[in-house]
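Down below is the structure, laid out as structure tokens.
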Amino acid sequence: MNNISRLLLETQALEIAPPQQVFWYTSGTVGPFYLNAHFLYGSRQKAASLLDFIDQNSEDRTRLLTGLRARVEKNFAEDACYRTVLQAMVALARDEIGLDQIDYISGGERRDWFFSLHVAKLLQKPALALFKDQSAVIIGEGDSAANRLQVATELHGARILHVADLITEASSYVRAWLPALENRGGKLLWSINVVDRGQGGAKVLREHGIAAWPLVQLGQAFFEELSQASYLSPSLARQLMDYHRQPRESMKKFLEEHPQILQEALQGEDLKIRQRARQLLQQNPYGFDENFLRRFSLP
């Protein structure tokens, strides 16, 4: 098992549900694992603290970005897990792209910044902090962090590598990051992601002319690797592979075979899970027939 895969498990960035259990997602669907790639900052607690800092300083971008840059630099020096991840991203950029080809390193609000800001520093490239409103700030190099910040208005054909925590369907790229860069004359040519969930995002990027590399690719080979390393039982590995191949079909079958999971979620003490279970029944994303739905009463 490679180092990044091991770190995903050790930091609980990748949580796998026990047999016959599932996680409830915000979309009102379920699945056998939960992925928080930003936990590779070192731990769940460290990641939560950095997100809190971002949220608390969102109105003051100078304070936000200078503080972020200082925090990720300090964490890189102190945390071996985080250092391993960033060094792997730097090596990918050097080996697959070449440093002389890259003009900027971009990262999107918020979790991309965990990785993109210090990768830019390690590669000695200016960073581009992209915001959800499609504004952008350049963070250059220099002695004074406050003085090296400037609003990005024109990128003059700059060649850009985007560094992100995660790629799923690449919706954030298409909706926000790509337009933010192209509208300023930048060229988003490459993407390095900590984890590719294997749900079509890399294909979407290729269709937009963007080459993409992950540190970890979820899929059959990854789950087989975990099984061979005794992190997963063979049956649980098969469940994860089934979910990866056919997420809707596999979870529909699972809930039909284990309806008590849905009933327990509806009646449980966790308000968030109750709401998500209600959402599943109301929106019916799995296409259950009426006979199945009538078995449950909405509290």
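The values are calculated or read from the model by the stated rules, or taken from the named source; none is laboratory data. No experiment lies behind these values; they were computed from the predicted model shown. Here Cβ is always computed from backbone atoms with ideal geometry, including for glycine, and neighbour counts include all displayed protein chains.
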## Note on the structure
Of the residues in region 204-220, those that are over 18 Å from the mean Cα position of the chain (by Cα), part of a helix (DSSP H, G or I) and at pLDDT 95 or above come to 206, 207
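Could you list all residues from region 221-237 that are surrounded by 15 or more Cβ atoms within 10 Å (Cβ to Cβ), out of contact with any Gly (no Cβ under 9 Å at 6 or more places or on another chain) and in a helix (DSSP H, G or I)?
Step one: of region 221-237, the residues surrounded by 15 or more Cβ atoms within 10 Å (Cβ to Cβ) are 222-227, 231-232, 236-237.
Among the residues that remain, those that are also out of contact with any Gly (no Cβ under 9 Å at 6 or more places or on another chain) are: 223-227, 231-232, 236-237.
223, 224, 225, 226, 227, 236, 237 - these are the residues of region 221-237 that are surrounded by 15 or more Cβ atoms within 10 Å (Cβ to Cβ), out of contact with any Gly (no Cβ under 9 Å at 6 or more places or on another chain) and in a helix (DSSP H, G or I).
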### Task
Restricting attention to strands (runs of 3 or more DSSP E) lying wholly within region 137-203, give those where 1 or more residues are in contact with a His (Cβ under 6 Å, 6 or more places away or on another chain) and over 21 Å from residue 215 (Cβ atoms).
none
### Query
Of the conditions (1) surrounded by fewer than 16 Cβ atoms within 10 Å (Cβ to Cβ); (2) part of a helix (DSSP H, G or I), residue 89 fails just one. Which one is it?
(1)
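Confirm whether residue 254 is surrounded by 13 or more Cβ atoms within 10 Å (Cβ to Cβ), of a type in the set (Phe, Trp, Tyr), free of Cβ contacts under 8 Å to residues at least 24 places away in the same chain and on the phi < 0 side of the Ramachandran plot. Quick ask: steps written out before the conclusion?
Working: surrounded by 13 or more Cβ atoms within 10 Å (Cβ to Cβ): yes; of a type in the set (Phe, Trp, Tyr): yes; free of Cβ contacts under 8 Å to residues at least 24 places away in the same chain: no; on the phi < 0 side of the Ramachandran plot: yes.
Criteria not met by residue 254.
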### Query
in the same structural domain as residue 185 (by TED's automatic domain parsing), of a type outside the set (A, V, I, L, M, F, W, C) and within 30 Å of residue 247 (Cα to Cα): does that describe residue 132?
yes
### Message
Quick check on region 186-198. Is at least one of its residues more than 26 Å from residue 152 (Cβ to Cβ), out of contact with any helix residue (DSSP H, G or I) (no Cβ under 8 Å at 6 or more places or on another chain) and crowded, with 21+ Cβ neighbours inside 10 Å?
### Response
yes
#### Entry: Selection status of residue 282, under 28 Å from residue 5 (Cα atoms) and out of contact with any Asp or Glu (no Cβ under 9 Å at 6 or more places or on another chain)
no
### Summary
Over region 1-44, the set of residues touching a residue at least 12 places away in the same chain (Cβ under 8 Å), surrounded by fewer than 17 Cβ atoms within 10 Å (Cβ to Cβ) and in a strand (DSSP E or B) is 15, 34
### Task
For region 14-44, enumerate the residues that are of a type outside the set (Lys, Arg), closer than 19 Å to residue 114 by Cβ and out of contact with any strand residue (DSSP E or B) (no Cβ under 7 Å at 6 or more places or on another chain).
36, 39, 41, 42, 43
### Message
For region 1-24, which positions are farther than 15 Å from residue 240 by Cβ and among the hydroxyl-bearing types (Ser, Thr, Tyr)?
### Response
11
### Task
Among the residues of region 258-299, write down those that are among the polar types (S, T, N, Q) and either within 30 Å of the chain's Cα centre (by Cα) or in a helix (DSSP H, G or I) (or both).
260, 263, 267, 275, 279, 282, 283, 284, 291
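Consider residue 198 carefully, then state whether it is out of contact with any Asp or Glu (no Cβ under 9 Å at 6 or more places or on another chain), assigned by TED's automatic domain parsing to the domain that holds residue 152, free of Cβ contacts under 8 Å to residues at least 60 places away in the same chain and at positive phi. So that I can check it myself, show each step before the final result.
Details: out of contact with any Asp or Glu (no Cβ under 9 Å at 6 or more places or on another chain): yes; assigned by TED's automatic domain parsing to the domain that holds residue 152: yes; free of Cβ contacts under 8 Å to residues at least 60 places away in the same chain: yes; at positive phi: yes.
In short, yes.
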## Note on the structure
Just one listed residue, out of 155, 178, is of a type in the set (A, V, I, L, M, F, W, C), surrounded by 19 or more Cβ atoms within 10 Å (Cβ to Cβ) and touching a helix residue (DSSP H, G or I) at 6+ places or on another chain (Cβ under 8 Å), and it is 155
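How many residues are touching a residue at least 12 places away in the same chain (Cβ under 8 Å) and either touching a strand residue (DSSP E or B) at 6+ places or on another chain (Cβ under 9 Å) or not aromatic (Phe, Trp, Tyr) (or both) when one looks only at region 56-76?
So in region 56-76, the residues touching a residue at least 12 places away in the same chain (Cβ under 8 Å) come out as 61-62, 65-73, 75-76.
Next, only the ones that are either touching a strand residue (DSSP E or B) at 6+ places or on another chain (Cβ under 9 Å) or not aromatic (Phe, Trp, Tyr) (or both) stay: 61-62, 65-73, 75.
The number of residues fulfilling the criteria is 12.
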